[in-house]
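Reading through the structure tokens given below for one structure.
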Amino acid sequence: MFENKVAVVTGGAKGIGKAIAGEFRREGARVCVIDLLPNDYYVGDVGEKTVLEDFARRVLGDFGHVDYLINNTPPLMKGLDACSYEEFNQALRVGVTAPFYLAKLFAPCFAPGAAIVNISSSRDRMSQPQTESYTAAKGGISALTHALAVSLAGRVRVNSISPGWIDTDYTVYEGPDAFQQPAGRVGNPMDIAAMTLFLCSDKAGFLTGENICIDGGMTRQMIYHNDFGWTLEGGRQP
């Protein structure tokens, strides 16, 4: 299905991005990774406009078109107390502006049947304290997804995935860490990679503008103090 297709994966040198890139390669695709970490294609900061332009020129110079664009690079996570103006803007450049600009740069050269998959987060709908820069960027890319789906209608399908707790070291958790999740375990990068390839495949040909939350059911679980064994200890978080 993916033989000789061209897949662009941002943040593809480790974690979820590495798993996605690896699965595309295993299926025969030609993969173009951009990451700050060393990799076999392009080292650079997606938060920089000139880097994105140079990266796009290289991809199109090498292959002439793009079949799949996977926007995965994670933004900085800092909160109200510690995040500076500059850091907050950098998180948005990495998490929202770069996916938008890459879609714009590749727009004239997407192949028939092309797909974009944006990696958001379950934090696009729920929060912990002091996570504003990351959460805002993930909320932004979720909204960007349906906007791009409409703008690229008939040309490119655009969907997003919102992972929950994904352990990028493939640690197998037991006890409360696992049992608190309705699926009974913590996720791993292959859970996200499998959905990414499905969304890029012809099997998902009627899916666009959607966000799929892969979080073991955590965001569907209602939690109230003293109900079903749940208790809040120590009062409200500061």
Open item on the list: Looking at Val186, Val172 in this structure, which one is surrounded by 18 or more Cβ atoms within 10 Å (Cβ to Cβ) and over 29 Å from Ala149 (Cα atoms)?
Closed with: Val186
Open item on the list: Between a residue in the stretch 7-19 that is hydroxyl-bearing (Ser, Thr, Tyr) and any residue that is in a strand (DSSP E or B) and at pLDDT 95 or above, which pairs come within a Cβ distance under 7 Å, given they are 6 or more apart or on different chains?
Closed with: Thr10/Ile34; Thr10/Ile70; Thr10/Asn71
Open item on the list: Going residue by residue through the stretch 227-235, is there one that turns out to be of a type in the set (S, T, N, Q) and either loosely packed, with under 10 Cβ neighbours inside 10 Å or at positive phi (or both)?
Closed with: yes
Open item on the list: Go through (1) in contact with a Pro (Cβ under 9 Å, 6 or more places away or on another chain); (2) exposed (fewer than 13 other Cβ atoms within 10 Å of the Cβ); (3) under 30 Å from Glu3 (Cβ atoms) for Lys203 and report which single condition fails.
Closed with: (1)
- [ ] Taking the residues in the stretch 206-225 that are more than 11 Å from Asn159 (Cα to Cα) and small (Gly, Ala, Ser) as candidates, determine which candidate is surrounded by the most Cβ atoms within 10 Å (Cβ to Cβ).
- [x] Gly216
Task: Members of the stretch 118-135 that are touching a Ser or Thr at 6+ places or on another chain (Cβ under 9 Å) and not acidic (Asp, Glu) - done: Asn118, Ile119, Ser120, Ser121, Ser122, Arg123, Arg125, Met126, Ser127, Gln128, Tyr134, Thr135
- [ ] Please identify the pairs in which a residue from the stretch 56-70 that is under 8 Å from Phe106 (Cβ atoms) has its Cβ atom under 8 Å from the Cβ atom of a residue that is of a type in the set (Val, Ile, Thr) and part of a helix (DSSP H, G or I), counting only partners at least 6 apart or on another chain.
- [x] Val66/Val59
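Are there helices (runs of 4 or more DSSP H) fully within the stretch 119-238 with at least 1 residues that are touching a strand residue (DSSP E or B) at 6+ places or on another chain (Cβ under 6 Å)? List them.
Values: elements: 132-151, 176-179, 189-200.
Here the list reads 132-151, 189-200.
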Task: Selection status of Val9, touching a Leu at 6+ places or on another chain (Cβ under 8 Å) and among the aliphatic types (A, V, I, L, M) - done: no
Open item on the list: Checking Ala19 against (1) among the hydrophobic types (A, V, I, L, M, F, W, C); (2) within 17 Å of Met190 (Cα to Cα); (3) loosely packed, with under 15 Cβ neighbours inside 10 Å: exactly one of these is not met. Which one?
Closed with: (3)
Task: Checking Met1 against (1) touching a helix residue (DSSP H, G or I) at 6+ places or on another chain (Cβ under 9 Å); (2) at pLDDT 95 or above; (3) within 27 Å of Met190 (Cα to Cα); (4) not polar (S, T, N, Q), the condition it does not meet - done: (2)
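The values are calculated or read from the model by the stated rules, or taken from the named source; none is laboratory data. Predicted model, so just to flag it, every value in this text is computed and none were measured. As a convention, Cβ positions derive from the backbone with ideal geometry for all residues, glycine included, and neighbour counts pool all protein chains shown.
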